[in-house]
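Participant: Would you mind keeping the following structure in view while I ask a few things?
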Amino acid sequence: MYRQEGHHPRSAGDVDGQGDGGGWEGKRELDRQNGADRQSGSDRQSGSENIGSGGSRRSSGHPVVWALSIMTLLGLFIVNCAGFLDTETGSALGCGHEWPLCNNSVVPSTWSLQTVIEFMHRAIVGGTSILLIVTAIAAWRAYGRKWVEVKVYVSIAVGFVAIEAFLGAMGVLFADPPLLLAIHLGVSLMALNGAFLLTIVI
């Protein structure tokens, strides 16, 4: 039988040895590729979740906090509208030069249109302030440890509402000078913006 000169067939051991080595290297390479694919898929899924949530914290499971922030935002909007009405109708002194009392009492015994508008304005401010404090505490506890922007917007909303209330009291005591009215308007808009941004991020 013809046999090619210089050709030596491989033994079974040689074939098995090379096959095992090549198979091991191939398996390691395949594992690395699978790991990279899984990491890429996880990143894509995380990115999709972030895009779907619009950067919102509602996916963290605190819908009550978000609902409180919505109510607070609406309350501050109503407060500003009531303040505009109060100024335009000349009702800022509807309770006299007194604060927090109204015509020498908690609830006035005699009512005029200006008294009604001013008293309702004060009542809305008081109720919204309480709601804001509750919202601020809830948002701070739910998100404050992880999200710096929540702390910032809570501080803006609470701080400017406190300044707004102080300026409102000063306006009543000193008959609303124009400069004080202008500052009061700017502060009230800053408080509203703080509540608005807080509602967006949570």
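Participant: Give me F119, F160 ranked fewest to most by other Cβ atoms within 10 Å of their Cβ, as a rough exposure proxy.
Facilitator: Values: F119 18, F160 21.
The most exposed by this proxy come first: F119, F160.
Participant: Quick check on region 122-202: take the gyration tensor over C-alpha atoms, sort the square-rooted eigenvalues as a ≥ b ≥ c, and tell me if it's rounded (a/c under 1.5), prolate or oblate. Each step should come with its number before you reach the end.
Facilitator: Working: a/c = 3.20, a/b = 2.12, b/c = 1.51.
It comes out prolate by the Cα gyration axes.
Participant: For region 58-201, how big is the tail of P(r) above 25 Å, as a whole percent of Cα pairs? Write down the numbers at each step before the final one.
Facilitator: Details: 3243 of 10296 pairs.
The calculated P(r) of region 58-201 puts 31 percent of pairs beyond 25 Å.
Participant: Looking only at region 172-187, which residues have a backbone nitrogen under 14 Å from a spot 7 Å from the Cα of E98 in the C-beta direction?
Facilitator: Within reach of a label on E98, which here means backbone N under 14 Å from a point 7 Å along Cα→Cβ, region 172-187 contributes 173.
Participant: For region 111-128, what does the Karplus curve 6.51 cos²θ - 1.76 cosθ + 1.60, with θ = phi - 60°, yield as ³J(HN,Hα) per residue in whole Hz, taken in order and with x for Gly and Pro?
Facilitator: 10, 10, 4, 5, 5, 4, 5, 5, 5, 5, 4, 5, 5, 5, 4, x, x, 5
Participant: Right, something else. What does the charge count near L85 come to, summing +1 for each Lys or Arg and -1 for each Asp or Glu among other residues with Cβ under 15 Å from its Cβ?
Facilitator: Details: positive: R122; negative: D86, E88, E118, D176.
Computed value for this residue: -3.
Participant: Please give the peptides 191-199, 89-97 ranked by average Cβ packing (other Cβ atoms within 10 Å per residue), highest first, as a rough proxy for protection.
Facilitator: Numbers: 191-199: 22.2, 89-97: 16.8.
Ranked from most to least packed, the peptides come out as 191-199, 89-97.
Participant: A further question on this structure: So how do V116, V107, V201 line up by other beta-carbon neighbours within 10 Å, fewest first? Numbers along the way, then the final one.
Facilitator: Details: V116 13, V107 10, V201 16.
Going from least to most buried by this count: V107, V116, V201.
Participant: Distance in nm between label sites at E88 and A67, each 7 Å beyond Cα in the beta-carbon direction?
Facilitator: Spacing of the two 7 Å Cα→Cβ label points: 3.3 nm.
Where a number appears in this text, it was derived from the coordinates with a stated rule and is not lab data. Predicted, not measured: the structure shown is a model, and the values here were computed from it. Cβ coordinates were reconstructed from backbone atoms using ideal geometry, including for glycine residues, and neighbour counts include every protein chain displayed.
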